[in-house]
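A quick write-up on the structure given underneath.
The values are calculated or read from the model by the stated rules, or taken from the named source; none is laboratory data. As the structure is a computational prediction, the values presented were derived from the model and not from experiment. Every residue, glycine among them, receives a Cβ derived from its backbone with ideal geometry; neighbour counts consider all protein chains shown.
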Amino acid sequence: MKLKLIIVSLLFSGSLLAQTATEIIKKADAKMKGETFYGEMSMTIVRPTWKRTVKFKTWGLGTEYSLALVTYPPKEKGQTFLNRENEMWTWNPIINRLIKLPPSMLSQGWMGSDYSNDDLLKESSLVNDYVHTILAEEQIDGELCWKIELMPKEDAAVVWGKVLKWVSKAEYNQLKTEYYDEDEYLVKTEIASNVQLMGGKRIPSHIEIISADEPKKKTLVDITKVEFDKPYSKSFFSQQNMKRLR
């Protein structure tokens with residue numbers, strides 16, 4: 001009887017722990033997205049022998065609708081990327097062509113960076129596509145964080161085999177993320193810093209993505225402007241609007 005009570009107690013506490021982990025991820029995810037999202041960013045792609053900068057604007061509605069517009073460099077200015085439900089498209093004004101991107105391109109680097117197309121456009125749902133577990137409490141740059149493991153659900157169409165996130169206990173900021181492949185080998189690490197008041201929220205404004213295999217290969221992102229919860233409709237995220245954005 002005593003053993004049975006212990007087992008029930010362990011199962012119950014495990015359920016609460018998973019539920020708590022999910023609530024943390026929900027709060028952290030909602031803080032960076034809001035109901036809708038608009039951002040202006042500068043991205044520097046660093047490689048051992050060269051580097052280049054890409055500037056862009058991005059709009060988002062939930063996890064199923066997003067648009068990105070390249071504003072710099074001049075050679076690629078005006079190129080747009082759309083995710084609408086389960087379809088991804090790119091528009092190139094130079095060749096006046098709309099191209100549908102296959103699902104196999106989700107894991108490929110966006111604009112040659114260490115951001116994948118999934119990171120920027122599709123944004124697999126951290127809340128719905130993964131099972132969450134709190135592993136520990138650790139400090140990141142002096143901030144006490146929950147260390148949370150995200151394992152994909154069996155039917156989830158996601159890129160990563162495992163994700164580890166460090167979420168600050170004070171402000172629910174995602175200060176560090178590790179991305180693993182299906183064999184659980186570390187692929188890249190994302191570090192967020194320089195927390196500032198932007199769009200009415202205190203959020204990280206600088207992000208570094210570092211390759212696990214090549215530490216000198218990384219992508220730096222600086223968020224210059226953010227607006228949350230503006231009234232964007234689903235119709236805003238259309239192929240027609242891809243050609244009109246400025």
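Being loosely packed, with under 13 Cβ neighbours inside 10 Å and of a type in the set (A, V, I, L, M) is a description that does not apply to residue 212.
Among the residues making up the range 70-85, those that are within 17 Å of the chain's Cα centre (by Cα) and either surrounded by fewer than 21 Cβ atoms within 10 Å (Cβ to Cβ) or at pLDDT below 90 (or both) are 83, 84, 85.
A quick yes/no check of all residues on (1) free of Cβ contacts under 8 Å to residues at least 60 places away in the same chain; (2) of a type in the set (D, E, K, R):
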| residue | (1), (2) |
| --- | --- |
| 28 | no, no |
| 41 | no, no |
| 53 | yes, no |
| 63 | no, no |
| 68 | yes, no |
| 76 | yes, yes |
| 87 | yes, yes |
| 97 | yes, yes |
| 102 | yes, no |
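Would you mind stating whether residue 111 is surrounded by fewer than 21 Cβ atoms within 10 Å (Cβ to Cβ) and part of a helix (DSSP H, G or I)?
On the way: surrounded by fewer than 21 Cβ atoms within 10 Å (Cβ to Cβ): yes; part of a helix (DSSP H, G or I): yes.
Yes, satisfied.
Evaluated against (1) surrounded by fewer than 19 Cβ atoms within 10 Å (Cβ to Cβ); (2) out of contact with any strand residue (DSSP E or B) (no Cβ under 8 Å at 6 or more places or on another chain); (3) not aromatic (Phe, Trp, Tyr), residue 119 falls short on exactly one condition, (1). Residues in the range 152-160: is at least one modelled with pLDDT of 95 or more, assigned to a strand (DSSP E or B) and either touching a helix residue (DSSP H, G or I) at 6+ places or on another chain (Cβ under 6 Å) or crowded, with 17+ Cβ neighbours inside 10 Å (or both)? No, the range 152-160 contains no residue that is modelled with pLDDT of 95 or more, assigned to a strand (DSSP E or B) and either touching a helix residue (DSSP H, G or I) at 6+ places or on another chain (Cβ under 6 Å) or crowded, with 17+ Cβ neighbours inside 10 Å (or both). Scanning the range 167-204 for residues that are touching a residue at least 60 places away in the same chain (Cβ under 8 Å), part of a strand (DSSP E or B) and not β-branched (Val, Ile, Thr) returns 174, 188, 201. Starting from residues that are within 15 Å of the chain's Cα centre (by Cα) and charged (D, E, K, R), keep the ones in the range 202-246 and report whichever is nearest to residue 116 (Cα to Cα). Per the stated criteria, the residue is 208. Considering only the range 20-61, state which residues are outside any strand (DSSP E or B) and buried (at least 16 other Cβ atoms within 10 Å of the Cβ). The answer is 21, 22, 24, 25, 28, 29, 31, 32, 33, 34.
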